[in-house]
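All remarks here apply to the structure that follows.
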Number of protein chains: 2
Amino acid sequence: MNFDYRYFFEPKSIAVIGASNNETKLGHQVFKNLLSYKGKVFPVNVKEESIMGVKAYKTIKDIQDEIDLSVIVVPKPAVKQAVIESGEKGAKGIIIITAGFGETGERGKEEERELVRVAHDYGMRVIGPNCVGVMNTKIDLNATFIEKAKKGSVTFISQSGALGGGIVYKTIKENIGFAKFVSVGNMSDVDFSDLIEYFSRDPDTASILLYLEGVKSGKRFLEVLKEHSKEKPIIALKGGIYSTGARAVSSHTGSIAGNAEIFMTALKQGGAIKAKTIDEALSMARSFTQPLPKGKRVGVITNAGGAGVLISDLIEENGLEMSKLKDETISYLSSFLPPMASLKNPIDMIASATGNDYYRATKALLKDDDVDIIIESCVVPTFGGMTRTEHAEGIVKAINESEVKKPILAMFMAGDISEDAKRFLESNGIPTYERPEDVVSATRALYSFSLISSKNR
Amino acid sequence: MNFDYRYFFEPKSIAVIGASNNETKLGHQVFKNLLSYKGKVFPVNVKEESIMGVKAYKTIKDIQDEIDLSVIVVPKPAVKQAVIESGEKGAKGIIIITAGFGETGERGKEEERELVRVAHDYGMRVIGPNCVGVMNTKIDLNATFIEKAKKGSVTFISQSGALGGGIVYKTIKENIGFAKFVSVGNMSDVDFSDLIEYFSRDPDTASILLYLEGVKSGKRFLEVLKEHSKEKPIIALKGGIYSTGARAVSSHTGSIAGNAEIFMTALKQGGAIKAKTIDEALSMARSFTQPLPKGKRVGVITNAGGAGVLISDLIEENGLEMSKLKDETISYLSSFLPPMASLKNPIDMIASATGNDYYRATKALLKDDDVDIIIESCVVPTFGGMTRTEHAEGIVKAINESEVKKPILAMFMAGDISEDAKRFLESNGIPTYERPEDVVSATRALYSFSLISSKNR
């Protein structure tokens, strides 16, 4: 079924069926979140004259304008009628937020299938049911009942609505952004495969992050992965790897986790990059604002020996390599670093390192052909009259002056003291991390994708 | 050498040799941090009449009062004289913050040994050199040049000063506290073994967290570990596990990482609980405000299926077990949870779960003899008129009403939305986490220590 997914992610007009003035209802929150959207948004409510001061319609069919997207948040018994009327109105996309379908058992599954049959008859496609909705941060579209995510380069598709929502709130706090967010719910119709196909062509999506528990058609999923994982990095966090987790899956989204081992192998065969934790997944996905590395040799700059040690350990553990720096690099470093500094990789410039030291060391590693990837570690709070951003500024200056482009990732660890520097780096496109394991996972993801991607070159 | 370590951690009087009015000097920051200390604090500076408005002394010997602790932050060439004069004055403990000794090579090592010989001649003991200093948060003692850590139950001993400092700043941001913080620097004299002996008897220390790269006397370290790891949980994060990391260690704190494999085996033999990352170490160490579990069967309560799935996976991966709940527990849960809830462990109460649901489910698991440890997962932001703290309040109410004491750990994940609930739980002694892997690591640590500890019963 040929379908333009922009009806979901760039709708010109939206009807919220079940919009409510009652603040404790999800339909209130969804409509409130959509009020600031630049497209037209219409509340539909059988009882109310107006919702939050906006004229309400008894049914979607009473709306004069054309409707691209119908968001359904009515109680379960009223969902089918809302789908039918959306079809009669000529809506294109449907998001069913209402729960109580396939996740409750066989009967719910059949009801769900019926909804999809009706929708397809009208040429509509369905996201959900039992989902949180979708976001497109670039155009401030928030068709969910949760807070809008920050803007970013990663598109996040979550099979768990609540977990997905929790992750959105987590990223807001941690200043991490998403391009799009999709809670797919029970995947009665639109599924991972459809969305991967769409987002792999989306210029605002640098990488696709999946939280997945199971898929409906494993064969198609593998085909889609294989086709698109070369174009765009696909990071997969799989829930339900062990038997207890898998049992929990079946009662959660109504999908079958299946044999997790086979699933994990399929992810690998398909070219997805597997993540073990939420933070690893986010760290990996955020790295793709950087150019791909030519190899796996990492140069590490730090102002804290201990951080250099931990990063070095992790680089080895992750199958990457610490670069052996060229003699001229070491000799240049020795020209300005103090005798207590360590010139071997990791380059420990010690706590007194200034922004200018970061600038010069970064320049040296950009020049050194034996360095494929650079990790900038800055742990120590500012002392001795240093500004909080001078290290970050030194790094960006070196990048801007260099003709050689290499991936650079930063780990700035000192809590609030590092916030200004992190913001400065992020605003210059450098992904920042707070933990050794996160920056190294991100490094590994860049390297992994450079191998997957290059197969096709 | 018999020594009362309270001279370091509860000094009645402190001299800061190298206190400075120049804000760019570490000696300024150290003195400033000590100004609010309830004990007497004296600035020593050869040139100035006063430091920050406090009368300064040319030498420590000019101070009339007795001195328990001498903190030395003068430039390297003046350190030896400062040690001698501290001895002549009758100081008991010395912290040498100044760097440039053992970490720079053989000559520095010899200079360091000479300082310790002098100190010992006067009956003094030395922390450092090349260190950040010490903190005792309970009495607001901050004898370092960094911000004071928050109050907590964990005593943190770090071999890397800069990384240790970075971790302190990180914990301040994340609302994690320490009882004591010690940056041991080059460990020219006072080392991990001395401090473990002391802190294992410290009633304010619930657990000891070590960041270590290498030790001077492996034999004594193993003996001390074996003796004290049964009394108090000792969590060890080892830097320099792989060859590159180990090479970085040697140029960092001047210690030899040695054969990491042997070292890791020794940690295990000694009864230390090994952590792989900073966050894992912190998560584990913070769990010991809870009673020890009788077994490894975990009951998980959640309002987000996906979180339950991820936690279940991790429980299995960490060698723990998901409890098989008793029939009466499941039957009781079914009496108040909606049909969409999942009553098997993990108990997914779905997003609509209220504080009262958490209260009842927690009570049920406290009662169920087949549950040894409880994980409370709360992911979903508040909806439908729920308050932000009602879930946390329900949990605490259940604990307070129960005669059975079981360890309870909480994972509240939704960023800022969860902050109030986390604070409420922490203020009631329940450790809180934001990531599935952190809460499960903490669970594993509690179980591990229950085995180590019970060997001795």
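Across region B:267-291, the qualifying residues are those that are within 14 Å of chain A (Cβ to nearest Cβ) and among the aliphatic types (A, V, I, L, M), and the one among them that is surrounded by the fewest Cβ atoms within 10 Å (Cβ to Cβ) is B:275. Take the conditions in contact (Cβ under 8 Å) with a residue 24 or more places away in the chain and more than 22 Å from residue A:335 (Cβ to Cβ) and apply them to residue A:450. Does it pass? Yes, satisfied.
If I filter region A:167-189 down to residues being buried (at least 24 other Cβ atoms within 10 Å of the Cβ) and more than 13 Å from the chain's Cα centre (by Cα), which single residue comes out as farthest from the other protein chains (Cβ to nearest Cβ)? Top of the filtered list is A:189.
Regarding region A:87-96, can at least one residue be identified that is within 33 Å of the chain's Cα centre (by Cα), farther than 21 Å from residue A:110 by Cα, open to solvent by less than 10 Å² (accessible area, probe 1.4 Å) and not small (Gly, Ala, Ser)? Checking region A:87-96: not a single residue is within 33 Å of the chain's Cα centre (by Cα), farther than 21 Å from residue A:110 by Cα, open to solvent by less than 10 Å² (accessible area, probe 1.4 Å) and not small (Gly, Ala, Ser).
Test residue B:294 against the stated conditions and say whether it is within 14 Å of chain A (Cβ to nearest Cβ), touching a Lys or Arg at 6+ places or on another chain (Cβ under 9 Å) and not in a helix (DSSP H, G or I). Criteria not met by residue B:294. For region B:383-412, which residues satisfy the criterion of being within 12 Å of chain A (Cβ to nearest Cβ) and surrounded by 20 or more Cβ atoms within 10 Å (Cβ to Cβ)? Correct list: B:411, B:412. Among the residues of region A:413-449, the ones that are open to solvent by less than 10 Å² (accessible area, probe 1.4 Å), more than 9 Å from chain B (Cβ to nearest Cβ) and part of a helix (DSSP H, G or I) come to 9 in all. Out of curiosity, is residue B:314 out of contact with any Cys (no Cβ under 8 Å at 6 or more places or on another chain), closer than 25 Å to residue B:284 by Cα and in contact (Cβ under 8 Å) with a residue 24 or more places away in the chain? So residue B:314 passes the test.
Residue A:39 falls short on exactly one of the conditions (1) open to solvent by less than 50 Å² (accessible area, probe 1.4 Å); (2) out of contact with any Pro (no Cβ under 6 Å at 6 or more places or on another chain), and that condition is (2). Taking region A:112-132 on its own, how many of its residues are of a type outside the set (Gly, Ala, Ser), surrounded by fewer than 23 Cβ atoms within 10 Å (Cβ to Cβ) and in contact (Cβ under 8 Å) with a residue 24 or more places away in the chain? Summing the residues that are of a type outside the set (Gly, Ala, Ser), surrounded by fewer than 23 Cβ atoms within 10 Å (Cβ to Cβ) and in contact (Cβ under 8 Å) with a residue 24 or more places away in the chain in region A:112-132 gives 8. Exactly one of these conditions fails for residue B:67: (1) touching a Lys or Arg at 6+ places or on another chain (Cβ under 9 Å); (2) open to solvent by less than 70 Å² (accessible area, probe 1.4 Å); (3) within 21 Å of residue A:384 (Cα to Cα). Give me its number. The number of the failed condition is (3).
Looking only at residues in region A:315-328 that are part of a helix (DSSP H, G or I) and surrounded by fewer than 24 Cβ atoms within 10 Å (Cβ to Cβ), which one is nearest to the chain's Cα centre (by Cα)? Checking each candidate, the answer is A:317. Could you check, for region B:297-309, whether at least one of its residues is open to solvent by less than 10 Å² (accessible area, probe 1.4 Å), under 14 Å from residue A:160 (Cα atoms), within 11 Å of chain A (Cβ to nearest Cβ) and under 27 Å from the mean Cα position of the chain (by Cα)? Yes: region B:297-309 contains one or more residues that are open to solvent by less than 10 Å² (accessible area, probe 1.4 Å), under 14 Å from residue A:160 (Cα atoms), within 11 Å of chain A (Cβ to nearest Cβ) and under 27 Å from the mean Cα position of the chain (by Cα).
The values are calculated or read from the model by the stated rules, or taken from the named source; none is laboratory data. No experiment lies behind these values; they were computed from the predicted model shown. All Cβ positions, even for glycine, are placed from backbone atoms using ideal geometry, and neighbour counts span all protein chains on display. Remember, those area values only see protein heavy atoms, side chains included, never the ligands or the DNA or RNA. Shrake-Rupley method; radii C 1.70, N 1.55, O 1.52, S 1.80 Å.
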